[in-house]
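> Structure in structure tokens, see below.
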Amino acid sequence: MSKVQPVNSPRRIFKIFNPYARKIQLNYPNFIALFLLSIKTMNTDLANRLQEVLLNGRWIANTNFKEQITSVTWQQATQKVGNLNTIALLTFHINYYLKGLNQVFNGGILDIKDKYSFDMPEISSENHWNQLVQEFLSNAEKFIQHVQALDETTLNQAFVKEEYGSYHRNIEAQIEHSYYHLGQISLLKKLIIQDQNQ
């Protein structure tokens, strides 16, 4: 009995696209080269998108986390606007997940829980705020490096448990989660500066 190939195996995919491959004279070895390149590009794409939202991008939101949180004082970061979360609390929230995900990448256990993701220690000085900012930036850089180093096998593997989805899915979730709160931080900053200028 012949061995059944995995649905996502390169040879299986090549057979599916073979009619199109013949039209452009693409043989199997060249197809494999393109397949491997696409895998590498996927890792790079995810890492670049994280870099975009967390550290230095401006293409999607015209800003990024680093730009926002390094341009406010600790008083601005902790200032309440109505009943909304503060800039500091949202920064802590995203950093909480980055730190927890990095722990898994480093071989540790996944022990972060949503109910603790807003349990921020009090920030009462510029030093406290700067410590959080620097920890955030460090964890962001480490997370991006981990994602960049992933291979296709790991990307498609379950993240800790099957119920949590794949590594790829969780990385995508972190990107979307970060953009969601980046938008909030950006609006909070504008409202705070507007209030101070009145």
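The values are calculated or read from the model by the stated rules, or taken from the named source; none is laboratory data. Fair warning: this is a prediction, and the values are worked out from it, not measured in the lab. Note that we place each Cβ from the backbone using ideal geometry, even for glycine, and neighbour counts take in every protein chain shown. Surface areas here come from the heavy atoms of the whole protein model, side chains and all, with no ligands, DNA or RNA. Shrake-Rupley method; radii C 1.70, N 1.55, O 1.52, S 1.80 Å.
> If you take the residues of region 119-154 that are acidic (Asp, Glu) and under 17 Å from residue 42 (Cβ atoms), which of them is least open to solvent (accessible area, probe 1.4 Å)?
Kept after step one, since they are acidic (Asp, Glu), are these residues of region 119-154: 119, 122, 126, 135, 141, 151-152.
Subset that is under 17 Å from residue 42 (Cβ atoms): 151-152.
Numbers: 151: 77, 152: 54 Å².
That would be 152.
> Also: Does region 73-82 include one or more residues that are open to solvent by 50 Å² or more (accessible area, probe 1.4 Å), at positive phi and outside any helix (DSSP H, G or I)?
Yes, there is a match, as at least one residue in region 73-82 is open to solvent by 50 Å² or more (accessible area, probe 1.4 Å), at positive phi and outside any helix (DSSP H, G or I).
> Under the condition of being crowded, with 16+ Cβ neighbours inside 10 Å and closer than 15 Å to residue 104 by Cα, which residue from region 155-184 is modelled with the lowest pLDDT?
So, considering only residues that are crowded, with 16+ Cβ neighbours inside 10 Å and closer than 15 Å to residue 104 by Cα, the one modelled with the lowest pLDDT is 155.
> Something else now. Hey, any hits in region 84-104 for a residue that's among the β-branched types (Val, Ile, Thr) and surrounded by fewer than 18 Cβ atoms within 10 Å (Cβ to Cβ)?
Yes: region 84-104 contains one or more residues that are among the β-branched types (Val, Ile, Thr) and surrounded by fewer than 18 Cβ atoms within 10 Å (Cβ to Cβ).
> Name the pairs whose Cβ atoms lie under 9 Å apart, with the first residue in region 65-86 and more than 21 Å from residue 141 (Cβ to Cβ), the second of a type in the set (Ser, Thr, Tyr) and open to solvent by 50 Å² or more (accessible area, probe 1.4 Å), and 6 or more positions between them or separate chains?
Between residues of region 65-86 that are more than 21 Å from residue 141 (Cβ to Cβ) and residues that are of a type in the set (Ser, Thr, Tyr) and open to solvent by 50 Å² or more (accessible area, probe 1.4 Å), the close pairs are 74/124; 78/124.
> Please go through region 185-198 and give me each residue that is β-branched (Val, Ile, Thr) and either open to solvent by 90 Å² or more (accessible area, probe 1.4 Å) or within 22 Å of residue 99 (Cα to Cα) (or both), ordered by number.
Here is the first cut: in region 185-198, the ones β-branched (Val, Ile, Thr) are 185, 192-193.
Passing the criteria: only 185.
> Would you be able to tell me the number of residues in region 117-147 that are under 16 Å from residue 104 (Cβ atoms) and either assigned to a helix (DSSP H, G or I) or in contact (Cβ under 8 Å) with a residue 60 or more places away in the chain (or both)?
Quick first cut of region 117-147, residues under 16 Å from residue 104 (Cβ atoms) only: 117, 139-140, 142-147.
If we keep only those that are either assigned to a helix (DSSP H, G or I) or in contact (Cβ under 8 Å) with a residue 60 or more places away in the chain (or both) as well, we get 139-140, 142-147.
Number satisfying all stated conditions: 8.
> Another one. Residues to consider are 94, 185, 192, 109; find the one that is farther than 20 Å from residue 45 by Cα and not in a helix (DSSP H, G or I). Walk me through how you get there before you give the answer.
Numbers: 94 fails: not in a helix (DSSP H, G or I); 185 fails: not in a helix (DSSP H, G or I); 192 fails: not in a helix (DSSP H, G or I).
Matching residue, one of 94, 185, 192, 109: 109.
> Mind telling me which of the residues 37, 84, 89 ends up being under 28 Å from the mean Cα position of the chain (by Cα) and modelled with pLDDT under 55? Can you show your working first?
Values: 84 fails: modelled with pLDDT under 55; 89 fails: modelled with pLDDT under 55.
So the residue among 37, 84, 89 that is under 28 Å from the mean Cα position of the chain (by Cα) and modelled with pLDDT under 55 is 37.
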